[in-house]
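Read through the structure below, which is laid out as structure tokens, and then see the notes.
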Amino acid sequence: MDFDESVTYLLGLGHETVAVKLGLENIGRLLARLGRPERAFPSVQVAGTNGKGSTASMLAAVCRAAGVRAGLYTSPHLVSITERVLIDGREISRESFARAATGVRAAAEEVEREGGALATFFEQVTAAALVAFRDARVELAILETGMGGRLDATTAAAASLVAVTPVALDHQEYLGGTLAEIAAEKAAVVRPGARAVVAPQEPEAERVILARCRACGVEPRRATPAWLKVEGECAGGRLRVRLRTARADYGSVCLALRGRHQLTNAAVAVALAEELAGEGFPVTREAVLEGLERAEHAGRLELDARREPHVLLDGAHNPAGARALRDYLDEFVGAPVTMVFGAMRDKALAEIGATLFPAAANLILTEPRSPRAADIGELLRAVPAPSSSSTITLAPSSADALALARAQAANGGLVCVTGSLYLVGEVKALLEAGGW
């Protein structure tokens, strides 16, 4: 398959959040057929509800600064599927992705003929990433868990170093209806013999995660945002902090990723980096500082200041993510906000709307191109009554919403696109194609 054929094939397996099939048996059989690519390198697995992608991206940036050839696997992608597979900080080439996906498809079809199920989209993309990392001879793989942890395809890599970022309610239809049930799914990435870093948690989640650690004989390292003392603000709403852990005093650093919630994510990333240094990876103080200052994570408080009005992209898709975005807007944005919002129908729309919509001078509601997207009627029901927005506009597509937002935010306003990473991805593609 060439690149376009590989993408068409993978998408034909079903949308990754609709055709979900959690479990490790099938991915295990697929990886065995591929020659166990995950055993060619050590892995770090990052699980949690919020912050796992940012944490993984920070750690990858630290590794790059340290000269460690690392592979980074994240999900979902925003514009191109190649965004999910980075090697030494660069997206995998279309040719390399197609080559890995072709091999995985053949192996998946062999597994199916032998009596297994055909591997899902996420299972096959995960396997393709691991194959690509093996072929590129990475020294380390950093894997962001897709959903949950216990039965997520990334868990088949059996990472020796794991982290659990803050756990919150999300994907209840798959992971359980309570925080404790969800925490149990996430905490299952902790296994006997592994080392674990745990972020601060809600008490209900913390009890479950620590119990899992005890059951596995693992003494977790607790990461705390208290390691990072805020000293001021850098350009573009970024925080300057003084970083000091129990192991080292790093001095002052300007975090590349925006928002106070990144203090927790940075603390977890630094703890993981220190654990890697203890294993013999050449992670120095200078590499930690450089990585934190250069990390990138598209679609998460990503500010495009090249355009007028400026555009802020943030895929806040659950109440905790919405709270982090609202806090950022309240603290760092003085301009009137024109908010473009679209979300999936299975999200806590009323709670997210109650948090975000009062920050919008103008609110534009639209539907992302997804079978799970909430329709306009569902979005309207999430608007608090009475609405604090001066205008509420309905847009049939993200392109229409973006055009409306540009006009409404003229004269010093800010456009904020949020509610779903799928919507953010559509808008990014439009912006990259010159749709502004």
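The values are calculated or read from the model by the stated rules, or taken from the named source; none is laboratory data. On a predicted model such as this, the values are computed, not experimentally measured, just so you know. Backbone-built Cβ (ideal geometry, glycine too); neighbour counts: all protein chains shown.
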Which of (1) under 25 Å from the mean Cα position of the chain (by Cα); (2) modelled with pLDDT of 95 or more does residue 362 not meet, given it meets every other one? (1)
If you take just the helices (runs of 4 or more DSSP H) that sit entirely in the stretch 164-278, which of them hold at least 2 residues that are at pLDDT 95 or above? 203-215, 262-278
Let me spell it out: the conditions are (1) surrounded by fewer than 18 Cβ atoms within 10 Å (Cβ to Cβ); (2) assigned by TED's automatic domain parsing to the domain that holds residue 163; (3) in contact (Cβ under 8 Å) with a residue 12 or more places away in the chain, and residue 249 meets all of them except one. Which number is the exception? (3)
So is residue 129 assigned to a helix (DSSP H, G or I), of a type in the set (A, V, I, L, M) and buried (at least 24 other Cβ atoms within 10 Å of the Cβ) or not? yes
Return yes when residue 101 is farther than 23 Å from residue 344 by Cβ, crowded, with 17+ Cβ neighbours inside 10 Å and more than 20 Å from the chain's Cα centre (by Cα) and no when it is not. yes
Here are some residues: 306, 238. Which one is among the basic types (Lys, Arg), under 27 Å from residue 79 (Cβ atoms) and either crowded, with 24+ Cβ neighbours inside 10 Å or assigned by TED's automatic domain parsing to the domain that holds residue 49 (or both)? 238
